[in-house]
Amino acid sequence: MTQSRDIAAGRCEAIALAKAFGDLHSPLTDQQAFNEASRCFYCHDAPCLEACPTSIDIPGFIRRIATGNATGAGRTILDSNIMGATCARVCPVEELCEEVCVRNTGDHKPVTIAQLQRHATDALFEAGMQPYTREAETDKKIAVVGAGPAGLACAHRLARYGHEVTVFEAKPKAGGLNEYGLAAYKMPDNIAQREVDFILSVGGINLETGKALGDELTLDQLRNDYDAVFLGLGLGAVNALGLEGEEVDAIKDAVDYISDLRQADDLMSVAVGRRVIVIGGGNTAIDAAVQAKRLGADEVTLVYRRGPEQMGATGFEQDLAQTNGVVIRHWAKPVAIKGENGSAVEMTFEATQLDGKGRLEGTGATFTLAADQVFKAIGQAFDAAPLQGGAAPEVSGGRIVIDETRRTSLGNVYAGGDCVAGQDLTVSAVEDGKVAAKAMHLELTKGTS
Amino acid sequence: MADLSTEVGGIKSPNPFWLASAPPTDKEYNVVRAFKAGWGGVVWKTLGEAGPPVVNVSSRYGAVHIGEQRIFGLNNIELITDRPLEVNLREIKKVKKDWPDRAMVVSLMVPCEEEAWIKILKEVEDTECDGIELNFGCPHGMSERGMGAAVGQVPEYVEMVTRWCKTHTNMPVLVKLTPNVTSILGPAGAAKAGGGDGVSLINTVNSITSIDLDLMAPTPTVDGKGSHGGYCGPAVKPMALHMCAEIARNAGTAGLPMSAIGGISNWRDAAEFIALGAGTTQVCTAVMHYGFKIVEDMIDGLSDWMDQKGYEKISDFQGLAVPNITDWQNLNMNYEIVAEIEQAKCVKCGLCHIVCEDTSHQAISAERIDGERKYSVIDDECVGCNLCMHVCPENCITMRKVDNGKDYMNWTQDPRNPFSTAAE
């Protein structure tokens with residue numbers, strides 16, 4: 001006996017919805033920023049700087065805020081990380097810079113670096129400053145595939161070096177996951193596009209959207225037409241549960257749902273189930289669960305096959321889910337799906353535990369949850385198919401292989417971001433793009449002065 | 001509880017905490033609130049002669065803030081009281097009658113003419129106040145009219161007016177000194193020579209708190225222009241301590257009763273001035289920052305500290321620090337200390353290292369041991385300067401005495417001094 005799906009848009013009043021999807025953290029006032037900046041010790045050999053994948057001079061920018069030089073602070077950030085504005089909003093700082101802040105020791109509270117970074121980058125954007133100029137134009141042309149954080153960071157650096165860059169993007173908009181993949185309450189006020197506009201405004205970057213690698217655009221062709229190629233392809237595939245019945249319409253990939261939500265003109269038009277299940281333990285799972293709750297779902301249950309320590313989501317994200325009313329059930333994996341298109345589904349989960357060797361095993365105990373909507377967020381995968389059909393860079397462990405300069409096995413092809421091994425973070429992607437750009441520039445200008 | 005009662009220049013007070021002559025003591029309403037809060041005395045805001053009105057401008061205050069600490073220093077361009085003389089006198093008399101146990105001192109500033117002083121002294125005597133304070137200190141406004149600091153900067157004038165006052169009244173006379181002089185000993189000695197019963201110091205320091213970079217004008221700004229003002233608050237305490245110490249340790253002025261002023265914000269500050277010989281202390285900026293109730297902590301803080309130290313009354317520790325203030329040449333050249341970092345408390349900010357490395361003696365090493373930062377003192381390079389200790393935000397650096405077995409030897413005895421008097 002299956003129930004029909006209870007899925008509807010507009011479960012909340014428009015005003016409540018606007019509030020729920022407004023800024024997760026309200027921006028600091030000038031006075032708050034000054035007070036917080038005053039807490040920074042201006043450490044020598046600062047641990048925060050070292051913990052930042054892009055090595056932002058954190059004490060340097062915070063000191064600038066404390067002296068009333070917020071635009072200088074913003075510039076200091078962008079010098080190391082051109083996506084400092086997004087990173088200020090989404091970086092898992094509790095596991096990076098803020099985790100190692102020396103004020104954790106005495107005060108048990110780090111300097112809120114992310115909020116200060118936002119304050120500084122906001123100040124720079126509000127001032128409408130363009131801190132960067134391009135060096136004399138070279139005759140080098142470079143193709144960047146993918147307008148996500150890695151690709152845009154790479155393009156920006158290359159443009160500054162004077163090269164001419166063309167960025168190919170499959171989606172209608174640039175920004176990658178900043179635009180399509182992060183919870184709306186983290187990226188309000190169209191910050192992703194404002195940041196993209198800022199990056200492109202340096203000049204020398206030609207953005208071509210709606211062009212994906214693999215169709216009329218091949219790597220062979222790009223290598224032929226351009227002096228170098230950067231691949232910032234992201235993760236094109238989504239892991240499946242591998243269960244029968246997974247294709248019913250109540251079950252959807254969380255990334256698609258988040259993308260639809262981010263692109264919706266009106267959140268009142270985004271449908272959400274009365275009872276929602278999210279499967280997974282990363283930030284995508286949390287983003288989907290919290291947004292479902294904020295859209296007005298009655299019950300949102302996040303089921304993860306391991307415990308809180310193993311979750312990819314940070315402690316902050318887990319707390320956020322729970323304070324938003326999401327029920328998190330650890331140590332359970334889906335084993336069966338009952339339902340058909342148009343109906344609610346019943347998902348059966350088996351309890352899990354670690355065996356003596358630390359491997360996950362089912363205990364045999366099961367429980368069943370009914371849901372009007374199920375979001376799968378059990379990981380994404382790199383899709384190497386678009387690279388096939390010609391000379392392709394080496395792929396290992398499901399990701400493109402690169403050296404420390406981000407060069408692939410193909411001489412003039414570099415790669416970075418989620419499509420290479422490493423932490424799948426915006427900040428890491430920016431670093432990849434930045435490092436690759438420098439290496440490409442050195443390579444392309446070798447022998448010239 | 002220790003006995004906090006004290007006396008300065010013949011003026012008795014139930015505790016050493018007075019409010020200085022300033023805006024907080026301008027009228028009955030404020031002074032009664034202060035007495036209710038527990039203040040031992042007040043110096044009523046300076047009275048001028050009856051007649052030409054004193055008029056104030058707006059704005060009047062400038063301040064220096066450091067980090068989240070508001071009002072590290074305060075500056076003002078306010079003049080003496082702008083209320084009618086007879087109103088002030090009437091209120092002073094009433095408040096003194098209602099609060100007989102508190103010290104009521106009246107600050108005065110009239111032109112340098114004997115008749116002007118005779119006139120106001122008689123009027124003030126009628127209030128039955130406990131004493132007067134001659135305002136020879138204010139560095140702004142009134143000094144342009146030949147009063148305040150314009151008098152205080154000329155020892156001959158200080159002596160002359162002090163003598164007039166001692167001649168024409170039996171009230172105890174405190175002389176308030178300006179710090180805007182090369183040496184405080186000149187005016188302090190003049191106050192003594194004129195027969196003054198004591199001195200109050202320091203009055204405010206000539207200052208401009210900041211320049212408004214939009215207006216291109218100093219602050220406080222009055223319609224686009226500013227004037228230097230008198231600086232006070234915690235920032236000036238070190239200067240005040242120095243000047244009090246100079247008076248206390250100089251043969252010509254030693255023993256001159258002092259009512260200390262200058263950045264006193266709590267019982268500890270007050271105790272420091274009493275240790276330099278002060279009989280009472282005066283507070284202004286701290287109450288203008290936090291209100292009158294800070295005196296509660298001043299009273300029980302000082303009392304508890306005295307109990308712990310075994311001091312039963314103020315005079316038990318008054319002046320005890322004076323013998324230890326000496327000239328540099330008397331310091332022990334053989335005294336040796338080195339910095340010691342309490343590693344368990346160190347948060348690894350590295351400031352001790354970088355300041356020593358960049359600006360001092362390269363005596364703190366920075367290492368990575370298994371990836372962990374470690375900062376260590378290189379004893380042989382450390383000169384015991386204390387810089388790292390002051391810089392450390394976690395207060396985990398102390399200075400350890402090195403037992404070098406050497407006896408006391410000052411610079412006059414040091415063989416490295418070509419003018420040494422020591423036998424070779």
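The values are calculated or read from the model by the stated rules, or taken from the named source; none is laboratory data. Remember, it's a predicted structure, so these values are computed and weren't measured experimentally. Positions of Cβ are backbone-derived with ideal geometry, glycine not excepted, and every protein chain shown enters the neighbour counts. Ligands, DNA and RNA are stripped out before the accessible areas are found, and what is left, the full protein with its side chains, is counted by its heavy atoms. Shrake-Rupley method; radii C 1.70, N 1.55, O 1.52, S 1.80 Å.
For the subset of region B:287-298 comprising residues that are touching a Gly at 6+ places or on another chain (Cβ under 9 Å) and surrounded by fewer than 21 Cβ atoms within 10 Å (Cβ to Cβ), which member is farthest from residue B:65 (Cα to Cα)?
If we take residues in region B:287-298 being touching a Gly at 6+ places or on another chain (Cβ under 9 Å) and surrounded by fewer than 21 Cβ atoms within 10 Å (Cβ to Cβ), then B:296 is farthest from residue B:65 (Cα to Cα).
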| task | Check region B:386-404 and report whether any residue there is among the polar types (S, T, N, Q), away from chain A (no Cβ under 14 Å) and on the phi < 0 side of the Ramachandran plot. | result | yes
| task | Among the residues of region B:79-110, write down those that are open to solvent by 30 Å² or more (accessible area, probe 1.4 Å) and in a loop (DSSP other than H, G, I, E, B). | result | B:82, B:83, B:84, B:99, B:100, B:101, B:102
| task | For region A:120-127, indicate whether the set of residues that are within 14 Å of another protein chain (Cβ to nearest Cβ) and open to solvent by 60 Å² or more (accessible area, probe 1.4 Å) is non-empty. | result | no
| query | Using beta carbons and a limit of 8 Å, which pairs, at least six apart or on different chains, have the first residue in region A:269-285 and crowded, with 24+ Cβ neighbours inside 10 Å and the second one basic (Lys, Arg)? | reply | A:272/A:11; A:273/A:5; A:276/A:293; A:279/A:376; A:280/A:376; A:281/A:305; A:281/A:306
| said: For region B:100-118, check the following and say yes or no: at least one residue is touching a residue at least 24 places away in the same chain (Cβ under 8 Å), within 22 Å of residue B:17 (Cβ to Cβ), among the charged types (D, E, K, R) and more than 14 Å from chain A (Cβ to nearest Cβ). | reply: yes
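Answer yes or no: is there a residue in region B:31-40 that is closer than 23 Å to residue B:171 by Cα, away from chain A (no Cβ under 14 Å), surrounded by 13 or more Cβ atoms within 10 Å (Cβ to Cβ) and within 20 Å of the chain's Cα centre (by Cα).
Yes, because at least one residue in region B:31-40 is closer than 23 Å to residue B:171 by Cα, away from chain A (no Cβ under 14 Å), surrounded by 13 or more Cβ atoms within 10 Å (Cβ to Cβ) and within 20 Å of the chain's Cα centre (by Cα).
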| What are the residues in region B:239-279 that are in contact with a Cys (Cβ under 8 Å, 6 or more places away or on another chain) and aromatic (Phe, Trp, Tyr), if any? | B:273
| message | For a quick check of your reading: which strands (runs of 3 or more DSSP E) sit entirely within region B:352-424 and have at least 3 residues that are open to solvent by less than 70 Å² (accessible area, probe 1.4 Å)? | response | B:364-369, B:372-377
| query | Is it true that residue A:52 is within 12 Å of another protein chain (Cβ to nearest Cβ), crowded, with 21+ Cβ neighbours inside 10 Å, in contact with a helix residue (DSSP H, G or I) (Cβ under 9 Å, 6 or more places away or on another chain) and not polar (S, T, N, Q)? | reply | no
| note | Those strands (runs of 3 or more DSSP E) completely within region B:152-220 that have 1 or more residues that are open to solvent by 20 Å² or more (accessible area, probe 1.4 Å) are B:205-207, B:210-212, B:217-219
| query | Cβ-Cβ below 7 Å, separation at least six or inter-chain, first residue in region B:129-147 and free of Cβ contacts under 8 Å to residues at least 40 places away in the same chain and more than 16 Å from residue B:160 (Cβ to Cβ), second in a helix (DSSP H, G or I) and of a type in the set (Gly, Ala, Ser): which pairs? | reply | B:143/B:149; B:143/B:150
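For region B:270-285, give me the residue count where each residue is assigned to a helix (DSSP H, G or I) and surrounded by 21 or more Cβ atoms within 10 Å (Cβ to Cβ).
5
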| task | Please indicate, with yes or no, whether at least one residue in region B:303-325 is farther than 30 Å from residue B:250 by Cβ, modelled with pLDDT of 95 or more and either touching a Phe, Trp or Tyr at 6+ places or on another chain (Cβ under 7 Å) or of a type in the set (Asp, Glu) (or both). | result | yes
| Across region A:1-29, which residue is nearest to the other protein chains (Cβ to nearest Cβ) among those that are in a helix (DSSP H, G or I), touching a residue at least 40 places away in the same chain (Cβ under 8 Å) and open to solvent by 40 Å² or more (accessible area, probe 1.4 Å)? | A:18
| task | Output the residues belonging to region A:300-330 that are hydrophobic (A, V, I, L, M, F, W, C) and surrounded by fewer than 19 Cβ atoms within 10 Å (Cβ to Cβ). | result | A:316, A:327
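If we scan region A:429-442, do we find a residue that is part of a loop (DSSP other than H, G, I, E, B) and crowded, with 16+ Cβ neighbours inside 10 Å?
Taking every residue of region A:429-442 in turn, none turns out to be part of a loop (DSSP other than H, G, I, E, B) and crowded, with 16+ Cβ neighbours inside 10 Å.
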| task | Among the residues of region B:334-355, write down those that are within 13 Å of another protein chain (Cβ to nearest Cβ) and in contact with a Gly (Cβ under 9 Å, 6 or more places away or on another chain). | result | B:345, B:347
